[in-house]
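The values are calculated or read from the model by the stated rules, or taken from the named source; none is laboratory data. The structure displayed is predicted, hence computed values, not measured ones. Cβ coordinates were reconstructed from backbone atoms using ideal geometry, including for glycine residues, and neighbour counts include every protein chain displayed. Heavy atoms of the whole protein, side chains included, go into the accessibility calculation; ligands, DNA and RNA do not. Shrake-Rupley method; radii C 1.70, N 1.55, O 1.52, S 1.80 Å.
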Amino acid sequence: MENPPVIALDAMGGDKGPEVVIPGAELALVRHPDITFTLVGDKAQIAPLLERHPRLGEKARVVHTDVAVPMDAKPSQALRQGRRVSSMWLALEAVRDGEADVMISAGNTGALMAMAKFCLKTMPGIDRPAIAAIWPTISSECVVLDVGANVGATADLLIDFALMGAEMARGLFGLERPRVKLLNIGVEEVKGLEEVRKAHAWLREQDLPFRYEGFMEGDQIGHDGADVVVTEGFSGNIALKTAEGTAKQIAEYLRAAINRSAMSRLGGFLAQDAFRALKEKMDPRRNNGGLFLGLNGLVIKSHGGTDATGFASAIDLGYDMCRTDLIERIRKDLAALTGTLTGESESATGRRIAGMG
C-alpha cells in the first residue's frame, strides 16, 4: 500500500465504547503517525474525548450515529436492526466502499461476523471466514486460526484456513515459506478426527506456498513449533481462553509466592526487572485483536473488555495488515490453488479432497 492507511473504528463497540476507543487510537497514532481515522459513533460522546486528544482530532473524521449494537444481541437480531444505521455497520461500509482500508470493533463478535459477511461478502473459493489470532511463543509469535468463528470444520475449510493463515504469517512476520501445522490430539497419523486426518493427507501431497509439517499437540503451540497453527473454532477458542486463564493463574502464583515472607519480598524486589519482562511477555493486551480472514476486506475484532493499550494493539495489527496487501495475496493463492485442482477460476471448495485421487 502506497497511501497512508485509513482505519475505520466502531467507536461505540466494547464494554466502554469511546472511553477506550479514543485513547487507544491516540496511542496507536503515536506509533504510526501516518494513520488517519474514521470514528463512527455518537458525536455527543466522541467530541469531548477528542478535545482531550487534539493530535487525534486533527487526524480523524467523525461519522455520526447514535445506534450501537448491544453486546448481548443475537447476530440475526443485530443484522436485522443494526444494518445501515449502527456504528458497526457504517464502519464496515467504509471498508466496502473504499473509504477505509480496515475496520476495527470491540463489539459483539457474533454480530460483527454476521454483518461483515453480509456487507463485505466472502472471497471466491471461501465458504466461511475464520478468526486468526496472534499467539506469543517462547522466542517470537505465531498465527492460530480459527479461534471462534466456526464450530466444527470440514477438511476443505481447514485447508482454506491453512492457506489464509500462511499468507497472514508471511506478511506479518516476513517469512518466505511459513511452517504450518494442524492442531490434533497426537502427532501420529492415525489419531484425530476424520476431517483433520483428511486435511493432513491432502496438504502433505501438495506443492503449496508454505511448508506443511503435519500435526501439533496443544502444549507445543507456544514452543516455536510452527508459524501457523490450524484448527476449527471450537477447539481454537478453548485453547485461546485456556492460555489466557493460565497466564493469569501463573501471575497469581508468583504474586502469592513473592508476598509469602520478608525474604521472598526481598527476592522479588531484586528480580523485579525479570518479573517486569515476564509480565510484558504474558500481557494479553500486547496481542489483542483477531483478524477475520476470508472476507473481501480487512476486519479486526478487539476484545470487548480491553483497555486503551489493548485496543491500540488491535489498531497496530490493522496497520500491519494494510501494509501487506493481504487480501490480494490470498486471492492470488486461492486462484492458483483452484486452477491447479480444477482448471477453473471458480471455487474448488467441496472438490479438493474428492480430487486427491
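Observations on the structure shown:
- Answer from ILE238, ILE258, ILE250 - the residue that is surrounded by fewer than 16 Cβ atoms within 10 Å (Cβ to Cβ), of a type in the set (Val, Ile, Thr) and more than 21 Å from the chain's Cα centre (by Cα): ILE250
- All of PRO48, PRO5 fail the test of being of a type outside the set (A, V, I, L, M, F, W, C) and over 20 Å from the mean Cα position of the chain (by Cα), apart from PRO48.
- Scanning the stretch 46-73 for residues that are outside any loop (DSSP other than H, G, I, E, B) and either among the β-branched types (Val, Ile, Thr) or buried (at least 16 other Cβ atoms within 10 Å of the Cβ) (or both) yields ILE46, LEU49, LEU50, LEU56, GLY57, ALA60, VAL62, VAL63.
- Sole exception among (1) of a type outside the set (D, E, K, R); (2) in contact with a strand residue (DSSP E or B) (Cβ under 6 Å, 6 or more places away or on another chain); (3) free of Cβ contacts under 8 Å to residues at least 40 places away in the same chain; (4) open to solvent by 10 Å² or more (accessible area, probe 1.4 Å) for MET216, by number: (4)
Table: residues versus (1) among the hydrophobic types (A, V, I, L, M, F, W, C); (2) assigned to a loop (DSSP other than H, G, I, E, B); (3) at positive phi.
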site	(1), (2), (3)
LEU208	yes, yes, no
PHE215	yes, no, no
ASP219	no, no, no
GLY222	no, yes, no
ALA226	yes, yes, no
VAL229	yes, no, no
GLU244	no, no, no
ALA247	yes, no, no
ILE250	yes, no, no
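- Among the residues of the stretch 138-195, those that are open to solvent by 40 Å² or more (accessible area, probe 1.4 Å) and among the hydrophobic types (A, V, I, L, M, F, W, C) comprise ILE138, VAL151, LEU172, PHE173, LEU175, ILE185, VAL187, VAL190, LEU193.
- Some residue of the stretch 180-191 being modelled with pLDDT of 90 or more and closer than 21 Å to ALA336 by Cβ: yes
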